[in-house]
Amino acid sequence: MQDWELFLAPYEQVVSELKVKLKGIRQQYRDQNLHTPIEFVTGRVKPIHSIQLKCQLRGIPESKIEREMQDIAGLRIMCQFVDDIYEVVRLIRLRNDLKVIQERDYISNRKESGYRSYHLIVEYPVQLIDGEKKILAEIQIRTLAMNFWATIEHSLNYKYQGEFPEKINDRLKNASEAAHQLDAEMSKIREEIQEAQHLFSHGKGAHHIE
Ligand code: 0O2
């Protein structure tokens, strides 16, 4: 690649714009005093050395990076509840400033490692001084518990360079199940609270949550 900085500039632009837009969704819910399905948003442009490494591992020639490497621009949306993830996906699908071109549900189908998240690949038209350019971006949507697991697993993986001993793999999978159970329990607690509030506000008296 002749000039990485120039190549990555539109990706920087896309990450900044999508961050603003996704944070905008959160703000709209807050302004209306509603539960927001988005807790927080982060974004990054893949570092050059990671792009080069992925090219080597997957045999991607530099001329095909733009179409074949779909996560150079990466956004991550953290949610409180699993249901929120599907609500965010619905909101993103409805938008007409981007086009969803691929979806991967690693929540219903968790990865072998124990990884859970919902991935969307979107095509986003960014306006540059020499015209419009369609850029691919990956949006990962996950709960705080999924993020907790993935963040730690990723940093441990880095230390072990992807080669965990079998026992560690099993323990990480168990930890992933524990995070999954925690998500399920939090959703159940929320449902019971909502049910109690509903009964109370409809004049059926106090309801005890057991
Ligand atoms: P980084 O540092 O986050 O950018 P495929 O190879 O076809 O299965 P592909 O193209 O690798 O799919 O995309 P996939 O699996 O849909 O998403 C890849 C990204 O998801 C990773 O990016 C991670 O961010 C995340 N991810 C996927 N699997 C795992 C996992 O087991 N553990 C953790 N912690 N994250 C995972 P990068 O480029 O690997 O890393």
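What follows is calculated from the coordinates using simple rules that are stated; it is not laboratory data. Everything quoted here is computed from the prediction, not taken from an experiment. For neighbour counting, all protein chains shown are included, and Cβ atoms are generated from backbone atoms with ideal geometry for every residue, glycine included.
Of the GluC sites (Glu not before Pro) found in the range 117-204, those that fall in a DSSP loop while having at most 10 other beta-carbon atoms within 10 Å are 163.
The GNM of the chain, with springs linking C-alpha atoms under 10 angstrom apart, assigns the highest mean-square fluctuation among 33, 174, 109 to 33. Residues whose amide H falls under 5 Å from that of residue 143, counting only those 5 or more places apart or on a different chain, are 79, with hydrogens built in the peptide plane. Fewest-first ordering of 89, 14 by other beta carbons within 10 Å of each residue's beta carbon gives 89, 14. In order along the range 79-88, the Karplus-derived 3J(HN,Hα) couplings, from 6.51 cos²θ - 1.76 cosθ + 1.60 at θ = phi - 60°, round to 10, 6, 10, 4, 4, 4, 4, 5, 5, 5 Hz, and Gly and Pro are given as x.
Put in order of Cβ neighbour count within 10 Å, fewest first, the listed residues 172, 120, 18, 128 become 128, 172, 120, 18. Sequence-ordered 3J(HN,Hα) estimates for the range 184-195 from the Karplus curve with 6.51, -1.76 and 1.60 and θ = phi - 60° stand at 5, 5, 4, 5, 5, 4, 4, 4, 5, 5, 4, 5 Hz, glycine and proline given as x. If you plug the beta carbon distance of residue 178 and residue 5 into 1/(1 + (r/R0)^6) with R0 = 30 Å, you get a FRET efficiency near 0.10.
GNM remark for the chain: springs join alpha carbons under 10 Å apart, and the peak mean-square fluctuation among 93, 26, 190 falls on 190. Helix-only arithmetic for the chain: the sum of -39500 (n - 2.57) across DSSP H runs with n ≥ 4, divided by the residue total, places the mean residue ellipticity at 222 nm at -17500 deg cm²/dmol.
DSSP beta bridges fully contained in the range 4-185 are about 75 percent antiparallel.
Kirkwood analysis of the range 115-180, using all unique Cα-Cα pairs, places the hydrodynamic radius at 14.3 Å. As a rough footprinting exposure proxy, the listed residues 42, 36 were ranked by other beta carbons within 10 Å of their own, and the order from fewest upward is 42, 36. Of the chymotrypsin sites (Phe, Trp or Tyr not before Pro) in the range 58-139, not one is in a loop by DSSP (not H, G, I, E or B) with at most 10 other beta carbons within 10 Å. Relative to its residue count, the range 4-185 spans a Cα convex hull of 125 Å³ per residue. Residue by residue, the range 26-39 carries 3J(HN,Hα) couplings of 4, 4, 4, 5, 4, 4, 9, 6, 10, 5, 8, x, 10, 7 Hz when phi is fed to the Karplus relation 6.51 cos²θ - 1.76 cosθ + 1.60 (θ = phi - 60°); x denotes Gly or Pro. Measuring how big the range 1-66 is from its alpha-carbon positions, Rg and Dmax come out at 16.7, 50 Å.
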